[in-house]
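A short worksheet on the structure shown next.
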Amino acid sequence: MSIKFTKMHGAGNDYVYIDGFKEKVEDPAALAREISDRHFGVGSDGLIMILPSNDADVKMRMFNADGSEAEMCGNGIRCVAKYAFDHGLVRKQKMVIETGAGSLPVQLYLGAGDLVEKVRVNMGSPRLLRGEIPMTGPENERAVDIGIAVAGQTLAATCVSMGNPHCVIYVDDVEHFPVADIGPYIENHDLFPQRINVEFVEVISPTEVRQRTWERGAGETLACGTGASAVTVAGVLTGRTERKIVNHLLGGDLELEWREDGEVTMIGPASEVFSGEYEPR
């Protein structure tokens, strides 16, 4: 039986979205592996289910391209908000979306045709202790500019959880950095019992950075919203950047702030690409 889907992206971080109010998926992990294939499926960084929620306006479940379920996706939640509003599931410009990292409030900004163009997400407060990320070592300590030995060099890493785990590494030239070689090694390093997302970051100025992301279970992606949030926090913790920055990702720009109240906010685009029907193999 075919399944109706919508392809969407936030700053190039693309997912297949399925409206769980109307469609039923028995095994979303298996479907994620199949439908994400860029040669034999629709092609995406993963699958996101949009579902009813008992506690929020809608609920999202996110599955990486390898079928593993992740807690949250910053670019994905913006697209969930856009879909929910544009398709009439929730006709409010302020809504709350349930995720595996908790329920998060979003603010919608409308463009032409009263369709959602940008979304502001309250990403919540970062978790900074090793035990919260999680990573090995003393669970009540922070991991700020710690050394990780990789391929004959030692890289300084700062680790943060935004509901999902991130390892931020600053480099001099991110465009030419061997992300595809170093990313998988760090993702699967013994320090990280649940694997980890890796952000490679070049500082342009105290208010501007450039980021490439190796995403846990998906490989290099064009953007990562939770990763950009972690980068904002890591920049403050290490004294490299200010609390409010613009982050240039391969797929577009995000505006971020680690507010004085401890919460991180993110503003970025959400785009619908096309809709169709998929017949699972």
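The values are calculated or read from the model by the stated rules, or taken from the named source; none is laboratory data. Keep in mind that what you see is a predicted model, and the values were worked out from it rather than measured. Note: ideal-geometry Cβ built from the backbone for every residue, glycine included; neighbour counts use all protein chains shown.
Of the numbered criteria (1) under 27 Å from Val119 (Cα atoms); (2) touching a residue at least 40 places away in the same chain (Cβ under 8 Å), the one Tyr170 fails is (1).
Kindly evaluate Ala81 against the criterion of being in contact (Cβ under 8 Å) with a residue 24 or more places away in the chain, of a type in the set (Gly, Ala, Ser) and touching a Leu at 6+ places or on another chain (Cβ under 8 Å).
On the way: in contact (Cβ under 8 Å) with a residue 24 or more places away in the chain: yes; of a type in the set (Gly, Ala, Ser): yes; touching a Leu at 6+ places or on another chain (Cβ under 8 Å): yes.
For Ala81, the condition - in contact (Cβ under 8 Å) with a residue 24 or more places away in the chain, of a type in the set (Gly, Ala, Ser) and touching a Leu at 6+ places or on another chain (Cβ under 8 Å) - is met.
Quick check on segment 257-279. Is at least one of its residues in contact with a helix residue (DSSP H, G or I) (Cβ under 8 Å, 6 or more places away or on another chain), touching a residue at least 12 places away in the same chain (Cβ under 8 Å) and more than 30 Å from Gly111 (Cα to Cα)? Within segment 257-279, not a single residue is in contact with a helix residue (DSSP H, G or I) (Cβ under 8 Å, 6 or more places away or on another chain), touching a residue at least 12 places away in the same chain (Cβ under 8 Å) and more than 30 Å from Gly111 (Cα to Cα).
Residues that are among the hydrophobic types (A, V, I, L, M, F, W, C) and crowded, with 23+ Cβ neighbours inside 10 Å: does segment 38-48 have at least one?
Quick first cut of segment 38-48, residues among the hydrophobic types (A, V, I, L, M, F, W, C) only: 40, 42, 47-48.
Narrowing the set further to residues that are crowded, with 23+ Cβ neighbours inside 10 Å leaves 47-48.
Yes, segment 38-48 has at least one match.
Which one of these is more than 16 Å from the chain's Cα centre (by Cα), in a strand (DSSP E or B), modelled with pLDDT of 95 or more and closer than 28 Å to Gly131 by Cα: Glu272, Glu202? Steps first, please.
Working: Glu272 fails: closer than 28 Å to Gly131 by Cα.
Just one listed residue meets the conditions, Glu202.
Residues that are surrounded by fewer than 16 Cβ atoms within 10 Å (Cβ to Cβ) and among the small types (Gly, Ala, Ser) number at least 1 in the following strands (runs of 3 or more DSSP E) confined to segment 79-193: 102-110, 146-150, 153-161.
In segment 64-78, of all residues being farther than 15 Å from Met123 by Cβ and either small (Gly, Ala, Ser) or assigned to a helix (DSSP H, G or I) (or both), the one that is farthest from the chain's Cα centre (by Cα) corresponds to Gly67. Just name the residue that is surrounded by the fewest Cβ atoms within 10 Å (Cβ to Cβ) out of those in segment 12-21 that are out of contact with any Lys or Arg (no Cβ under 7 Å at 6 or more places or on another chain) and within 18 Å of Arg38 (Cα to Cα). Selected residue: Gly12. Could you check segment 17-35 and list, in sequence order, the residues that are touching a strand residue (DSSP E or B) at 6+ places or on another chain (Cβ under 8 Å), outside any helix (DSSP H, G or I) and either farther than 22 Å from Ala223 by Cβ or without any contact (Cβ under 8 Å) to a residue 60 or more places away in the chain (or both)? Hits for segment 17-35 are Ile18, Asp19, Gly20, Phe21, Lys22, Glu23, Val25.
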